[in-house]
Amino acid sequence: MSVFALGLNHNTAPLDLRGRFAFTLEQLAPSLAGLRQKLSGPEAAILSTCTRTEVYVAAPSALVHPAIAWL
């Protein structure tokens, strides 16, 4: 089991790109459920603020690429 993080922030991506990856409060629960379904139920969390979006996953490292595809 591994823990990995995917994300972008004000240092790594311009505003228009960050806006495409931002989650509203209403989108968080369904998006998290979709991620967990795509990856077959690992532990996961989504953090989305005005300057960054991060996805944390506890799963086998083989699921990094499917997580990137989901994001």
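The values are calculated or read from the model by the stated rules, or taken from the named source; none is laboratory data. Only a predicted model underlies this, so the values are computations on that prediction, with no experimental measurement involved. Reconstructed Cβ throughout: ideal geometry from the backbone, glycine too, with neighbour counts over all protein chains shown. Just so you know, the surface numbers come from the protein's heavy atoms only, side chains and all, with ligands and any DNA or RNA stripped out. Shrake-Rupley method; radii C 1.70, N 1.55, O 1.52, S 1.80 Å.
A few notes on this one:
- Scan segment 3-32 for residues that are open to solvent by less than 60 Å² (accessible area, probe 1.4 Å) and either over 11 Å from V57 (Cβ atoms) or touching a residue at least 60 places away in the same chain (Cβ under 8 Å) (or both) and the total you get is 14.
- Residue tally, condition among the polar types (S, T, N, Q) and in a helix (DSSP H, G or I), over segment 1-33: 2
- Those residues of segment 38-54 which are within 13 Å of L71 (Cα to Cα) and outside any loop (DSSP other than H, G, I, E, B), in sequence order: K38, A44, A45, I46, L47, S48, T53, E54
- The residue that is farthest from F23 (Cα to Cα), among those in segment 43-55 that are loosely packed, with under 15 Cβ neighbours inside 10 Å and touching a strand residue (DSSP E or B) at 6+ places or on another chain (Cβ under 8 Å), is E43.
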